[in-house]
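Here's the structure, in C-alpha cells; my notes come after.
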C-alpha cells in the first residue's frame with residue numbers, strides 16, 4: 001500500500017460565506033476516492049460561527065460552574081450554550097457538544113479569530129456532506145470528507161486530531177469475524193479509521209500561524225456511500241468512563 | 001507539505017530471534033528521517049514474549065477479579081503479571097502495563113499467535129532504540145522508530161493505533177507560546193504527533209491476516225535526538241479520568 005498525503009497550500013484567510021469546496025478545487029486537482037480532511041476552524045469561520053463574549057449574559061448555572069472551575073462566566077455560558085450535557089465541571093470543563101463529541105470547553109477555540117470566540121461548526125456532518133457534494137459537482141470525483149478537531153485523550157498527554165464530521169467515508173474498519181494468520185477469528189478489532197485519518201491530517205495541518213487547514217490523503221480508499229461520523233460516539237449505556245466521571 | 005507512506009511488503013512470519021531491522025532493510029530502501037512504524041506484535045514474536053496459559057497458576061487476586069469480570073482466571077493472572085496497577089476490574093479490565101501504557105487486558109493479544117498469549121514487548125522503548133540504532137548501522141540513515149499498539153479510547157467507539165515505544169522522534173509538537181494568525185499566543189496546543197503517526201500507520205497496517213506490520217512514513221520530519229515515549233503518559237496527580245475510574 002502506498003499513500004500520498006499533502007496540504008493544500010495557499011488557502012486564504014477564511015471569512016463569512018467563503019465556499020470551501022471551490023477554494024479547494026482552485027488550488028488542487030482532486031482524484032476519485034481522495035480523502036479531504038478539513039480543520040473545523042475554517043468551516044466555523046465560513047459560517048461566521050463566532051460569538052462576541054461581551055454579548056453573553058451568564059445564567060446562574062454558568063456563574064456556579066465559574067466559581068468551581070475558575071473560568072470566566074461568559075466563557076462558561078458559551079460552552080453551556082454549545083452543549084447537551086455537562087460531564088465534569090472542574091478541574092476540567094468536559095461536556096458533550098451538540099454534535100455528539102465529548103470534549104473540553106465544547107471545543108471553543110480562542111485562537112485564530114480576530115476577536116470573539118470561535119465555536120465548532122453548527123453541524124459538522126452536514127458541512128462534510130455539503131462539501132463532499134460540492135466537490136463532486138465541481139470535479140465529477142467521488143471523494144471522502146472528514147472535518148477534524150483537536151481533542152485531549154484519556155491517560156495520555158497532549159491533543160490529537162479527531163473526526164467530528166464525515167461524509168462518504170467508512171468510520172470503522174470492522175475486522176471482527178475475519179481471520180488472523182492462523183485462522184483464528186478476530187474478536188475485538190473494530191478500527192476507528194476515520195479518527196486515524198483525522199489524527200494524521202491534523203499532524204500535517206499544524207496549529208497557529210503555520211496552519212494548513214486542508215489535507216488530501218490519496219491512495220487510502222475508505223470511500224463509503226455512508227455519511228456521518230455518529231458511529232464513533234459511544235452510547236451512554238456502555239460508556240464506563242463517562243459514568244465514572246459523572247459520579248466523581 | 002507532501003508525505004509518502006507505504007507498507008513494507010513481504011515481511012515473513014516473525015519468530016523467535018528474528019532481526020527486525022535486517023528484515024526491514026532487506027525489503028526497502030530507507031531514507032534519512034524516515035519514520036518507521038512497527039506493530040508491537042512482531043517485536044513480541046521476535047522476543048518470543050508468548051506465554052502458555054496452561055502453565056499459569058492464578059493467585060487469589062486473579063480468582064477474585066475473574067469472578068467479577070467473568071474472564072478466565074489464567075488470563076486475568078497473565079494480565080496482572082504484565083501490569084503495575086489495576087485501574088478497573090470490571091466490566092472492562094483496565095490496567096497500567098509495566099511500560100506505562102494504560103490499556104485493556106495489558107494489551108495481551110490472542111490473535112496471530114499459533115498458540116499461547118502474545119504479550120506486549122518486554123521494553124518497547126528499548127526495542128525502538130535498538131531497531132533505530134540497528135537501522136543506522138545497516139543504512140547510515142538517521143531514522144525515527146515508533147512501536148504501535150491498538151487501544152480503545154474514552155467516549156469513542158473502536159480502537160486506533162497508539163505509540164507504546166519510540167526512538168529518535170519528538171513525541172509532541174508543543175505549539176504553546178507560538179502565535180496564531182492574529183498574533184495571539186497559543187495556550188493549549190501540545191500536539192501528540194507520535195500518536196497521530198502511530199494511528200495512521202495502524203490504518204495502513206490492517207489487522208488479522210491482512211497484516212502489514214511495518215509502515216514507512218517519508219517527508220514528515222519529526223526526528224529528534226530524544227528516545228522514549230514516556231512523555232505521552234499522563235502523571236497520576238493530574239489524571240482526572242484515572243482518579244474517577246479508581247473511585248468508581
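Taken together, the values in this text are just the output of simple stated rules run on the coordinates, not laboratory data. Being a predicted model, the structure only gives us computed values, none of them experimental. Heads up, the Cβs are rebuilt from the backbone with ideal geometry, glycines too, and the neighbour counts pull from every protein chain shown.
Sorted shortest first, the distances from the residue B:136 label point to those of the same residue in the other copies are 5.1 nm; each point sits 7 Å from Cα along Cα-to-Cβ.
With a Förster radius of 45 Å applied to the beta-carbon distance between residue A:52 and residue B:130, the computed FRET efficiency rounds to 0.20. When only alpha carbons of chain A are considered, Rg and Dmax amount to 19.0, 63 Å.
Mean silhouette area of the protein assembly as shown, derived from the convex hull of its C-alpha atoms and averaged over all directions, reads 22.5 nm².
For chain A, the mean residue ellipticity at 222 nm estimated from helices alone is -8000 deg cm²/dmol, where every DSSP H run of n ≥ 4 contributes -39500 (n - 2.57) and the total is divided by all residues, rounded to the nearest 500. Label point of residue B:248 set 7 angstrom out along Cα-Cβ; within segment B:82-107, amide nitrogens under 16 Å from it belong to B:86-96, B:102-106. The shape of segment B:51-120 comes out oblate: with a ≥ b ≥ c from the C-alpha gyration tensor, a/c is at least 1.5 while a/b does not beat b/c. Between this copy and the others, label points of residue B:19 are 6.0 nm apart in ascending order, each placed 7 angstrom from Cα in the Cβ direction. Reported to the nearest whole Å, the Cα centre-to-centre distance from segment B:234-248 to segment B:19-36 is 39. For segment A:78-95, backbone nitrogen atoms closer than 16 Å to the point 7 Å from residue B:238 Cα along Cα-to-C-beta are found at A:91-93.
Look at A:200, A:6 and count the other Cβ atoms within 10 Å of each Cβ; fewest to most, that gives A:6, A:200. For peptide A:236-245, the mean count of partner chain Cβ atoms within 10 Å of a residue's Cβ comes to 5. When each copy gets a label point 7 Å from Cα toward the beta-carbon at residue B:184, what are the spacings between them in nm, shortest first? Result for residue B:184, in nm, nearest copy first: 5.0.
Each peptide in B:63-73, A:164-174 receives the mean, over its residues, of other Cβ atoms within 10 Å, and ordering these scores from highest gives A:164-174, B:63-73.
Going highest first, how would you order A:229-237, B:18-26 by mean Cβ packing within 10 Å?
Final packing ranking: B:18-26, A:229-237.
Inter-chain neighbour count for A:159-169: the average number of beta-carbon atoms from partner chains within 10 Å of each residue's beta-carbon is 3. Using a Förster radius of 41 Å, what is the FRET efficiency between residue A:115 and residue B:60 based on their Cβ-Cβ separation? Nearest 0.05, please. FRET efficiency, residue A:115 to residue B:60: 0.05.
Taking label positions 7 Å along the Cα-Cβ direction at both residue B:90 and residue A:182, the computed distance is 2.9 nm, reported to one decimal.
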